[in-house]
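To start, the structure itself, in structure tokens.
None of the figures in this text is laboratory data; all of them are computed from the coordinates on show. Keep in mind the model is a prediction, meaning the values are calculated, not measured. For neighbour counting, all protein chains shown are included, and Cβ atoms are generated from backbone atoms with ideal geometry for every residue, glycine included.
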Amino acid sequence: MLSPSDALQRLSEGNGRFVSGTRSLDAVTSQTERDELVSSQRPFAVILGCSDSRVPVEIIFDQGLGDLFVIRVAGNIVAPSQIGSVEFAAEKFGTRLVVVLGHTRCGAVEATLDELRRPSESQSRNLRSIVDRIGPAVQGLLATEIEHDPESLARQAVRANVRAATNHLRHGSEVLEGLMANDGLTIIGAEYSLETGVVDFFDGVPASA
């Protein structure tokens, strides 16, 4: 199994290929490789990302079948089911890198900002559950001067939401805390730019990476 640093390097290199418009032959899975994956898998990284159709994780990292354990949910929020999914991959497959992946112009984050500024009474209970998880991470920004700069507010809110999610994973699970303390599990935060295609790993990145 790859170390967190090696896994991060593999993701970075794959994203570089995506940005440059090239693709590794390793990402094109053969029938033989598909057959091998029937009985087992060894994903080298866990990605908790947003459901946005513009952020297909395997494509932006140029990875193939069996490479990534991907969890996607609007706003890349962390709820019990997401924590359980990360625990499952880390324990079952020995995966030692977890990446929370946000992205620019995230609709769930923007909807949360709108709701905080202009609360609605018609929002569904299910959508409200997403807003309620993002809200605490971004609400403080509305009390600063950045509130009057919509572009900066949106950018900083996306990153604040990613940081809140990584913090939740690091401190909201005894299983993950134990793996971090004793088995090298690393949880980092990143942002994908819709404009450039570049993934910026900005939170909790190991010093050796």
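Quick rundown of the values:
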{"read-out": "Hz values of 3J(HN,Hα) by residue in the stretch 32-48 - Karplus curve (6.51, -1.76, 1.60), Gly and Pro given as x", "value": "4, 5, 4, 4, 5, 7, 4, 8, 7, 8, 9, x, 8, 8, 9, 10, 9"}
{"read-out": "Descending semi-axes in whole angstrom, ellipsoid equivalent of the stretch 51-95, from the Cα gyration tensor", "value": "19, 17, 5"}
{"read-out": "Inter-label distance, nm, simple model (7 Å from Cα along the C-beta direction), Ile59/Val38", "value": "2.9"}
{"read-out": "Beta bridge orientation in the stretch 4-203: antiparallel %, DSSP, nearest 5", "value": "20"}
{"read-out": "Value at 222 nm in deg cm²/dmol, rounded to 500, when DSSP H runs of n ≥ 4 in the chain each add -39,500 (n - 2.57)", "value": "-14500 deg cm²/dmol"}
{"read-out": "Whole-Hz couplings from phi, Karplus 6.51/-1.76/1.60, listed for the stretch 196-207; x for Gly and Pro", "value": "10, x, 7, 9, 9, 8, 10, 10, x, 6, x, 4"}
{"read-out": "Span from the the stretch 150-209 Cα centroid across to the the stretch 33-47 one, whole angstrom", "value": "24"}
{"read-out": "Translational D in µm²/s for the stretch 4-203 (Stokes-Einstein at 25 °C, 0.890 mPa s, Kirkwood Rh from C-alpha pairs)", "value": "139"}
{"read-out": "His171 versus Arg125: modelled label distance in nm, points set 7 Å from Cα along the beta carbon direction", "value": "3.1"}
{"read-out": "For Asp67, Asp200, order by how many other beta-carbon atoms lie within 10 Å, fewest first", "value": "Asp200, Asp67"}
